[in-house]
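Engineer: Attaching a single structure in structure tokens format; questions to follow.
Only the coordinates and a few stated rules stand behind these numbers; no lab work does. The shown structure was predicted, so the numbers you read here are calculated from the model rather than taken from an experiment. Methodologically, a virtual Cβ is constructed for each residue, glycine included, from the backbone with ideal geometry; neighbour enumeration extends over all protein chains shown.
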Amino acid sequence: MDRAAEHKSMYLGSDFLKVKPARNPYVSWKKTKKGVRIFTGEKKINLDKIGTTVWEVCDGKNTVEDIAKILNEKYKMMMNEAETSLSVYFEQLVKKGLVVLLTPEETRARVEELSERLYSERLPASEGSVIFCGYCGAQNLRITNYCLKCGQKLKK
């Protein structure tokens, strides 16, 4: 299996291009002259011009395919090169808790329902589906590796 196919299958198989990346609303960032600077806890991450372009369009409305087309038009990247690069890039952003990948509508509704329930009420700890951040105390879904509020790695 080639690298692009491996990364696509890692998330949703052939549906990877239909996924809609969205920035974590609890991560603060600002645009500078050189690009975007992201603040996670005490860390600062500076994005280059391509990373900045991708970050700015991660609004939960654009699909990975839309973003690949933007990279194709703006930076003259081949579509398969853009798709492969985005696969690797989003893998890193997701692991750091900076971006979430919203799946097609039927799955997205379930994620939104869980998120709404998570932040509108405290889920019982016995349910086993939540974990609390040791840094800020925020409640997170157990399936996440990084806190959605502060971006710190969760200890499970």
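Engineer: Quick check: net charge around Lys43, other residues with Cβ under 13 Å of its Cβ, Lys/Arg +1 and Asp/Glu -1? If you can, show how the numbers build up before the last one.
Structural biologist: Numbers: positive: Arg37, Lys44, Lys96, Lys153; negative: Glu42.
Residues close to Lys43 contribute a combined charge of +3.
Engineer: Determine the alpha carbon to alpha carbon distance for each of Lys20/Lys69; Lys96/Lys153; Lys18/Lys149; Lys49/Lys69; Lys20/Lys95; Lys30/Lys61 and list only those over 18 Å.
Structural biologist: Working: Lys20/Lys69 14 Å; Lys96/Lys153 8 Å; Lys18/Lys149 26 Å; Lys49/Lys69 16 Å; Lys20/Lys95 16 Å; Lys30/Lys61 20 Å.
Where the Cα-Cα span goes over 18 Å, the pairs concerned are Lys18/Lys149; Lys30/Lys61.
Engineer: Related question: So for Arg142, Arg37, fewest C-beta neighbours within 10 Å to most, what's the order?
Structural biologist: Values: Arg142 12, Arg37 15.
So the residues, fewest neighbours to most, are Arg142, Arg37.
Engineer: Evaluate the distance, in nm, between pseudo-label points positioned 7 Å from the Cα of Lys31 and of Lys95 along their respective Cα→Cβ axes.
Structural biologist: 2.9 nm
Engineer: When a footprinting reagent is the concern and you count Cβ atoms within 10 Å, what order do Tyr26, Tyr75 take, fewest first? Working shown, then result.
Structural biologist: Working: Tyr26 15, Tyr75 12.
Result, fewest neighbours first: Tyr75, Tyr26.
Engineer: Between Asp48 and Phe132, what is the FRET efficiency for a Förster distance of 35 Å, r being their Cβ-Cβ separation, to the nearest 0.05? Could you put the intermediate results ahead of the total?
Structural biologist: Working: r = 35 Å, r/R0 = 0.99.
Efficiency for this residue pair is about 0.50.
Engineer: Separate question: Throw me the Rg/Rh for region 3-105, computed over C-alpha atoms with Kirkwood Rh, two decimals.
Structural biologist: On the way: Rg = 13.1 Å, Rh = 13.8 Å.
My calculation of the ratio gives 0.95.
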